[in-house]
Every structure is written in C-alpha cells, then in structure tokens.
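To start, the structure under review is shown below, and the notes come after it.
The values are calculated or read from the model by the stated rules, or taken from the named source; none is laboratory data. Everything quoted here is computed from the prediction, not taken from an experiment. When we count neighbours, we look across all protein chains shown, and the Cβ atoms used for this are built from the backbone with ideal geometry, even at glycine.
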Amino acid sequence: MPSIRRPYGPAFAALDLGTNNCRLLVGTPNGQGFRVLDSFSRIVRLGEGLHDTGALNPVAMERTLIALQGCAARLARRPVIGLRAIATEACRRATNGVAFLDRVHQETGLKFDVITPREEAELVLESCAPLLTGGAGRRALLFDIGGGSTELVWVRTAADGSSTLSGYVSLPVGVVTLADRFGTRGFDPDGFAAMVDDVTARLLAFEQIHRIGQEIRQGEVMLVGTSGTVTTLAGIVLALKQYSRPAVDGVVLSREATAAALDELRLMGRARLAAHPCVGPDRVDFVLPGCAIFAAIQAMWPAPSVMVADRGLREGVLLRLIRAERVRSSSRPPYRGRQGSMAREA
C-alpha cells in the first residue's frame with residue numbers, strides 16, 4: 001500500500017482563550033519558526049461583565065462555546081500531533097471559570113490549561129524573541145494589552161540574540177475591563193483622560209522596581225507592543241486600506257507617529273471607528289480603552305519608538321510544542337525495521 005505523504009510535515013496547534021478573543025493557530029515546523037497552515041480568530045467577549053459580578057455570564061459563555069465548537073471542527077479536519085489550549089485572565093478570575101472549562105471539555109473535547117501570569121509573560125517573550133535579535137538596546141520592555149489584563153515583560157537581550165526575562169507584572173486592567181467600567185465615557189475627552197490616569201497609577205509600582213525610565217533616557221531600551229491596539233495604531237500610521245499582518249509585524253513606529261494615530265482615532269467618533277477597516281464594528285467598544293492603556297505606557301516610558309508585534313500567546317505555545325517535539329525526536333533511537341534487527345542479532 002503506498003504511503004500517504006503529508007504536504008507540509010507534522011502539524012501542531014495552539015488555542016488561546018482570552019477575555020475578549022478566541023484564537024486558534026495551526027502550523028508546521030519551518031526552520032527556526034513555523035509555516036501557518038490554518039488560523040482562526042473571533043471576538044467572543046468572554047469577560048463581559050466580569051468586573052461587576054466576578055463571574056462569567058451565560059450569554060458570554062454560550063457565545064464562546066459556539067466559537068470553540070468551530071475550533072474543534074477545524075481541528076478534526078486537520079489532525080495534529082501536538083495541541084495545547086490555554087485560558088488566561090477571564091478564567092483565572094471568574095468564580096465559575098473552571099466549571100465553564102469543564103463544560104467546554106465535555107462538549108468539544110478541548111481541554112484547557114488556565115495558565116499563570118508568569119507563564120503568560122514567558123509565552124509573550126517566546127513569541128517576540130525573534131524580533132529582539134539585533135536590537136539597538138540591551139533591554140526591551142514588552143507589553144501585551146489584553147481583554148482583562150495587560151502584561152509587562154522586562155527583558156535583558158544579549159549579543160548572541162538570547163533574551164532573559166528580568167521582571168514581569170500582570171495588571172488587572174484590559175480593554176474589556178475598561179470598557180465595562182467607563183462605557184461611553186471613554187469616547188469623551190474627560191473620560192479618556194480618566195482611563196489614562198487609572199492605568200498610569202497601576203504602572204508606577206513596576207517603574208519604581210525596575211527604573212525603566214532611567215534606562216530609556218540612556219537610550220538602551222526597545223519598546224515592543226503586541227496586541228490588537230498596537231496593530232490598529234500601525235494600520236492607521238501606515239494608512240492601510242485593509243489590515244495586513246506582513247505589513248505590520250516588526251514595523252517600528254516613531255513616538256510622533258503613534259501620538260498622531262492616537263489623536264486620529266480619538267477624533268473619529270463611534271460611527272467612523274466602526275466603519276474603519278482596521279477597527280470594525282466588533283472592536284469599536286474596545287479600541288479607545290486600548291488606546292488609553294497604550295497612551296499611559298508611552299507617558300510612563302517615553303521611548304522614541306515602538307516596535308509592533310502581530311504575534312502573541314498562541315505563537316509562543318506553538319513554538320514550545322515544536323521545540324518539545326524536536327527534543328523528543330532527537331532522543332528516540334533510529335528505527336531500523338525487522339530486517340535490520342535480525343541482521344544485528346546475526
């Protein structure tokens with residue numbers, strides 16, 4: 001019987017369930033990275049109302065379950081040799097988070113790990129590490145603006161291209177939590193300023209511990225942002241008619257350019273934001289809360305530029321799965337078949 005050849009080699013999959021989004025990525029090893037075979041992303045707003053109630057609400061859970069059933073169907077059509085599904089802030093905080101993930105497992109077969117803030121920071125670094133090689137600074141500050149939290153990762157970069165996590169924090173504030181708290185006030189100048197002040201106060205402790213501002217003044221820090229907020233700002237700066245990951249991932253934007261993009265987004269108003277190709281109706285409630293978090297980060301750490309990373313947790317998970325499989329493969333003895341075994345015995 002002829003063997004069936006895989007067109008791209010073994011496939012691995014990473015599934016990331018956050019406060020706002022459900023994302024699936026399927027890839028196959030390609031050099032030091034991977035080739036994308038399939039991807040899926042949907043805004044599910046799992047953490048909607050979590051700030052007020054402390055629990056996931058039934059409508060949000062149903063919405064998320066439908067998206068995860070779609071992910072399970074996609075995975076069934078493309079068998080993978082390695083899969084990891086992770087859940088973050090919403091399921092960490094919600095009193096019914098574990099119960100919801102148990103239901104997901106029963107109805108879809110997908111088993112999620114609720115990861116710690118430390119692992120979340122490590123996965124952000126894992127995915128962004130290739131962008132840090134050859135950087136001008138010996139330090140990098142990564143930030144990931146999520147739905148229910150914002151991760152800050154303070155990194156030391158070495159001449160050989162390696163990166164070491166020096167410090168991290170997971171702030172319990174993201175685009176969904178700010179949208180829930182401020183509502184339509186976030187579209188007004190005073191409301192936007194209040195969101196910025198709220199986030200700025202939360203950044204102070206991390207600055208006091210690591211003195212990042214001092215190193216920025218010495219010109220030794222690379223600022224790297226990974227989130228829908230940062231990629232949206234890049235789309236505005238680059239005047240993209242439709243979003244393009246290759247155009248955005250790894251691009252470096254000046255402080256002046258991002259400040260102008262922030263102003264442009266704030267002046268658009270709800271209707272124009274909903275119609276913009278880099279925002280859209282599903283994200284209209286979250287773009288200005290994200291901009292407020294970004295503005296607070298830039299005010300606290302005024303680096304001359306920011307690098308945009310269209311990558312995140314699922315890319316970090318996929319890279320780890322591929323690396324682990326390579327380690328397992330290298331430790332297995334070569335298979336010689338029945339004839340080779342008999343020959344050794346003779």
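Numbers for the structure displayed
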item: The range 1-25 residues that are farther than 30 Å from GLY49 by Cα and in the same structural domain as ASP180 (by TED's automatic domain parsing), paired with ones that are modelled with pLDDT under 90 and assigned to a loop (DSSP other than H, G, I, E, B) (beta carbon under 6 Å, 6 or more apart); result: none
item: Output for the range 186-213, where each listed residue is surrounded by 15 or more Cβ atoms within 10 Å (Cβ to Cβ) and more than 17 Å from VAL153 (Cβ to Cβ); result: GLY186, PHE187, GLY191, PHE192, ALA194, MET195, VAL196, ASP198, THR200
item: Pairs with Cβ under 6 Å, 6+ apart, first in the range 146-163 and at positive phi, second outside any strand (DSSP E or B); result: GLY161/THR133
item: Unique residue being of a type outside the set (Asp, Glu), more than 17 Å from the chain's Cα centre (by Cα) and assigned by TED's automatic domain parsing to the domain that holds GLN218 when the list is ALA275, ALA324, ALA234, ALA309; result: ALA275
item: Answer from GLY219, GLY269 - the residue that is over 30 Å from ALA13 (Cβ atoms), modelled with pLDDT under 95, of a type outside the set (A, V, I, L, M) and outside any helix (DSSP H, G or I); result: GLY219
item: Test: residue in the range 114-127 that is loosely packed, with under 15 Cβ neighbours inside 10 Å and more than 18 Å from the chain's Cα centre (by Cα); result: no
item: Matching residues in the range 128-179 - criterion: being more than 17 Å from the chain's Cα centre (by Cα) and in a loop (DSSP other than H, G, I, E, B); result: THR133, GLY134, GLY135, ALA136, GLY137, ARG138, ALA158, ALA159, ASP160, GLY161, SER162
item: Check on LEU68, over 30 Å from GLU325 (Cα atoms), buried (at least 19 other Cβ atoms within 10 Å of the Cβ) and in contact (Cβ under 8 Å) with a residue 12 or more places away in the chain; result: no
item: Subset of the range 248-258 (residues that are surrounded by 14 or more Cβ atoms within 10 Å (Cβ to Cβ) and either outside the structural domain of VAL279 (by TED's automatic domain parsing) or not polar (S, T, N, Q) (or both)); result: VAL248, ASP249, GLY250, VAL251, VAL252, LEU253, ARG255, ALA257
item: Matching residues in the range 272-299 - criterion: being free of Cβ contacts under 8 Å to residues at least 40 places away in the same chain and either exposed (fewer than 14 other Cβ atoms within 10 Å of the Cβ) or part of a helix (DSSP H, G or I) (or both); result: ARG272, LEU273, ALA274, ALA275, PRO281
item: Tabulated pairs, the range 26-50, first of a type in the set (Phe, Trp, Tyr), second surrounded by fewer than 17 Cβ atoms within 10 Å (Cβ to Cβ) and not in a strand (DSSP E or B), C-beta under 9 angstrom, 6+ apart or interchain; result: PHE40/GLY70; PHE40/ARG74
item: Any pair with Cβ under 8 angstrom, 6 or more apart, that starts in the range 194-211 at a residue that is acidic (Asp, Glu) and ends at one that is part of a loop (DSSP other than H, G, I, E, B); result: ASP198/VAL173; GLU207/TRP301
item: GLY82 being in contact with a helix residue (DSSP H, G or I) (Cβ under 6 Å, 6 or more places away or on another chain), surrounded by 17 or more Cβ atoms within 10 Å (Cβ to Cβ), more than 25 Å from PHE286 (Cβ to Cβ) and not charged (D, E, K, R); result: yes
